[in-house]
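Please treat every number below as a calculation from the coordinates, not as lab data. Worth saying up front: this structure is predicted, and the values here are computed from it rather than measured. Methodologically, a virtual Cβ is constructed for each residue, glycine included, from the backbone with ideal geometry; neighbour enumeration extends over all protein chains shown.
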Amino acid sequence: MNLKFKIFLMVSILAVLSVGIIPVEVFAQSNGITVTPINEEISLEKTVTTMEVPKDNKLPWGFVKGTPSQYVERYPVIIQFYSGEDPVHFAQVGVKGDGSFEYKFRVRNLDSDTGKFVNIFEGTYTVKIFRVIPNTNDLV
């Protein structure tokens, strides 16, 4: 192997490993789950959490993920971030075959004009996660 290829390979491996780094200081806690029937077959599950991003955060990535559970095919998961009542960021992600999902997002970024790091997220956020699940309510 030539030197260029070896360097490219090393940089690629490091890039893959760095994507896995997430801001450990960023944390969230669940504030509740509500399920609203849509029709006889499906319901909308809404999970509300609070995400805290400290001002001195140094790591670039955050993520929202859901564990394997029941889901309805062809319906994506909708994730909404709010600062107070103000919408900040919305995302739509697919559901994996086991019912899990994951959304990675930047928490901190490098400003290419100034060369300084900028916090994209900082402080307290309400995160709302919407997913379609099979209806478990016999009354609908």
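Annotations for the structure displayed:
- Screening region 85-140 for strands (runs of 3 or more DSSP E) wholly inside it with 2 or more residues that are more than 24 Å from Val53 (Cα to Cα) returns the ranges 123-134.
- Within region 92-140, being surrounded by 15 or more Cβ atoms within 10 Å (Cβ to Cβ) and either of a type in the set (Gly, Ala, Ser) or without any contact (Cβ under 8 Å) to a residue 12 or more places away in the chain (or both) holds for one residue alone: Gly99.
- Some residue of region 45-52 being part of a loop (DSSP other than H, G, I, E, B) and surrounded by 12 or more Cβ atoms within 10 Å (Cβ to Cβ): no
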